[in-house]
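Participant: This is the structure, below, for whatever I ask next.
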Amino acid sequence: MASTRLIVSCALTITALLCATAAPLRAEDSSPVVARANGVDIHESDLTFAEEEIGGNMPQMGPDQKRDYLITYLADVIVMSQAADQKKVGDNPDVQRRLVFDHNRVLMEALLQQAGKAAVTDAAMHQVYDDAVKQMPSEQEVHARHILVPTEDEAKAIEAELKKGADFAALAKEKSKDPGAADGGDLGYFTKDQMVPEFAEAAFKLDKGQTSDPVHTQFGWHIIKVEDKRTKPTPTFDQVKVQLENYVAHRAQAELVDSLRKSAQIERLDKPAPAPDPSALNPAAPAKK
């Protein structure tokens, strides 16, 4: 039942592109014809449309099986839409409203996509990147290792071994209960807000190469060794390029929507009109001479 509803719903969207009666209105498609159903060509580009429409509902399958599935789906859409035309299903007011809605939605999405694509230029992305870098606060990072044990006595025993010259990473691998023990307790670089307060407070007070006294947190008892301290590096343009592209595109789309909303005449007929502003109806009386 669910698959039937999916086919019917999607058919309404794709019918305008593929059904035989609409063929004369179809834009010229130079992509190869991969199949034909009741005389209607199915182009390679149609597979892309179909996958965008139903991709999330398709079962897992290999590339060849997916291609067969999409071609079969598109053939079903054509055959069923032709049958619907013969039965004059399109004369149903609900179907007509749905077709109008889908037509408008497709145009809206195409316009937004066009606006987003046009906005994504190197200049626009570099401007956003440069503005963001200027506003980024300077933030300290610590690179540390730690050994985590359940009790204070165990932590003190480890501290004593370290003072005698034991290797910190080796002890972490042997005794730490933390998942990172296999890496010698290495936590990498982190900022203060990325750790629980007790741990962060102790770690950021240490200088490079220093080891802490036992530190208690909700996870147990820690011995911390600071490997390095630095100012958090600014991500490079290339590292955040994808995020910049998305931001610039979405900003342009939002601006387009806002602009068109402001210039449109939109009436709400399902609720009373807002009361007029009294100040606009009763301007101040002229001053008496």
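Participant: I want to verify a result. In a Gaussian network model of the chain, Cα cutoff 10 Å, which of these has the top mean-square fluctuation: Glu161, Glu245, Glu141?
Facilitator: Of Glu161, Glu245, Glu141, the most mobile in the Gaussian network model is Glu161.
Participant: Which whole-Hz couplings ³J(HN,Hα) result when phi for each residue of segment 200-214 is put into the Karplus expression 6.51 cos²θ - 1.76 cosθ + 1.60, θ = phi - 60°, listed in order with x for Gly and Pro?
Facilitator: Computed from phi, the couplings for segment 200-214 are 4, 4, 5, 5, 6, 7, 7, 8, 4, x, 7, 10, 7, 6, x Hz.
Participant: Which whole-Hz ³J(HN,Hα) couplings does segment 127-142 yield from phi under the Karplus relation 6.51 cos²θ - 1.76 cosθ + 1.60, θ = phi - 60°, glycine and proline marked x?
Facilitator: 5, 4, 4, 5, 5, 5, 4, 5, 8, 6, x, 6, 10, 8, 10, 10
Participant: When the chain is fully extended, how far beyond the present Cα-Cα distance does Thr217 get from Lys164, taking 0.36 nm per residue of separation?
Facilitator: On the way: separation 53, 0.36 × 53 = 19.08 nm, distance 2.54 nm.
Stretched out fully, the Thr217 to Lys164 stretch lengthens by 16.5 nm.
Participant: Moving on to the next point. Cross-link candidates for Lys232: which lysines have Cα within less than 24 Å, leaving aside residues fewer than 8 places away along the same chain?
Facilitator: Lys134, Lys192, Lys205, Lys208, Lys241
Participant: OK, next. Need one word for the chain: rounded, prolate or oblate. Basis is the Cα gyration tensor (sqrt eigenvalues a ≥ b ≥ c); a/c below 1.5 gives rounded, then a/b vs b/c decides. Intermediate values should be presented prior to the final figure.
Facilitator: Values: a/c = 3.03, a/b = 1.66, b/c = 1.82.
Because a/c hits 1.5 or more and a/b fails to exceed b/c, the chain counts as oblate.
Participant: Return a whole-number percent for the relative contact order of the chain, with Cα pairs under 8 Å and 6 or more residues apart as the contact set. Could the numbers behind the result be given before it?
Facilitator: On the way: 298 pairs, mean separation 48.7, N = 289.
Across the chain, relative contact order equals 17 percent.
Participant: In segment 98-204, what trypsin sites (Lys or Arg not before Pro) fall in a loop by DSSP, with at most 11 other Cβ atoms inside 10 Å? Show your work: numbers first, answer last.
Facilitator: On the way: sites: Arg98, Arg105, Lys117, Lys134, Arg145, Lys156, Lys163, Lys164, Lys173, Lys175, Lys177, Lys192; in loops: Lys164, Lys177.
Here the trypsin sites (Lys or Arg not before Pro) that fit, given the DSSP loop and packing criteria, are Lys164.
Participant: Okay, next question. Of all accessible surface on segment 51-105 at a 1.4 Å probe, what whole percent is carbon and sulfur? If you can, show how the numbers build up before the last one.
Facilitator: Details: 1960 of 3830 Å².
After summing per-atom areas, the C and S share lands at 51 percent.
Participant: At 7 Å along Cα-to-Cβ for each site, give me the label-to-label distance between Asp130 and Ala157 in nm.
Facilitator: 6.1 nm
Participant: Enumerate the calculated ³J(HN,Hα) couplings along segment 240-246 in order (Karplus 6.51 cos²θ - 1.76 cosθ + 1.60, θ = phi - 60°), each rounded to whole Hz, writing x wherever the residue is Gly or Pro.
Facilitator: Once θ is set to phi - 60°, the couplings for segment 240-246 become 10, 4, 5, 5, 5, 4, 5 Hz.
Participant: Expressed in nm to one decimal, what extension gain is obtained for the pair Gln243 and Thr191 from 0.36 nm per residue of sequence separation less their Cα-Cα distance? Intermediate results must be reported in sequence, preceding the final value.
Facilitator: Working: separation 52, 0.36 × 52 = 18.72 nm, distance 2.18 nm.
Answer, rounded to one decimal: 16.5 nm.
Participant: Over segment 105-146, average the accessible area per residue using a 1.4 Å probe and give it in Å², no decimals. The partial results should precede the final answer.
Facilitator: Details: 2790 Å² over 42 residues.
Per-residue value: 67 Å².
Participant: If each of Arg67 and Leu260 carries a label point 7 Å out from its Cα toward its Cβ, how far apart are those two points in nm?
Facilitator: The two pseudo-label positions are separated by 3.7 nm.
The values are calculated or read from the model by the stated rules, or taken from the named source; none is laboratory data. Keep in mind the model is a prediction, meaning the values are calculated, not measured. Don't worry about glycine lacking a Cβ; one is built from the backbone with ideal geometry, like all the others, and counts go over all protein chains shown. Protein only, heavy atoms only, side chains kept; ligands, DNA and RNA dropped before computing areas. Shrake-Rupley method; radii C 1.70, N 1.55, O 1.52, S 1.80 Å.
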